[in-house]
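Below is one structure, written out as structure tokens; the observations come after it.
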Amino acid sequence: MSYLFTNGRPPYHRGQKVLLDADVAQIYGVETRDINKAVTNNPDKFPAGYVVKLSKAEKNELVENFHRFNRLKHATVNPKAFTEKGLYMLATILKSKVATLTGYTG
């Protein structure tokens, strides 16, 4: 597993730019559970390659190597990583003002 971190965020995972669900929630101004609920309730909107669920080993690697992920140490659910396409799709589903503005292209 290889992570390339910039400014404390993991922009690449498995060769793709990604953000973890908790980071996306912070950016969009919602709770992480809202992010995960949106994915669960709209599986047809997130085809393969839009969202990656990290394995337990990948989660543990993050916790061991990067202090900012200590909050994941005792998490019972493995985090999801969103690619750029996944972030855009998520922005079209979420009801937060920031997410709506993020998805606006006009």
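The values are calculated or read from the model by the stated rules, or taken from the named source; none is laboratory data. The model shown is predicted, which means the values in this text are computed figures rather than measured ones. Don't worry about glycine lacking a Cβ; one is built from the backbone with ideal geometry, like all the others, and counts go over all protein chains shown.
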Seminar exercise, completed: Cβ pairs under 8 Å, 6+ apart or interchain, first in the range 57-76 and more than 15 Å from Leu20 (Cα to Cα) and of a type outside the set (Phe, Trp, Tyr), second assigned to a helix (DSSP H, G or I) and modelled with pLDDT under 85, ordered by first then second residue, are none
For this session: Name the residue, out of Ala91, Ala57, Ala22, Ala75, that is at pLDDT below 90, more than 14 Å from the chain's Cα centre (by Cα), small (Gly, Ala, Ser) and surrounded by 12 or more Cβ atoms within 10 Å (Cβ to Cβ).
Result: Ala75
Exercise. Any idea how many residues of the range 59-97 are part of a helix (DSSP H, G or I) and polar (S, T, N, Q)?
Worked result: 4
For this session: Report yes if some residue within the range 7-16 is modelled with pLDDT under 85 and in contact with a Gly (Cβ under 8 Å, 6 or more places away or on another chain); otherwise report no.
Result: yes
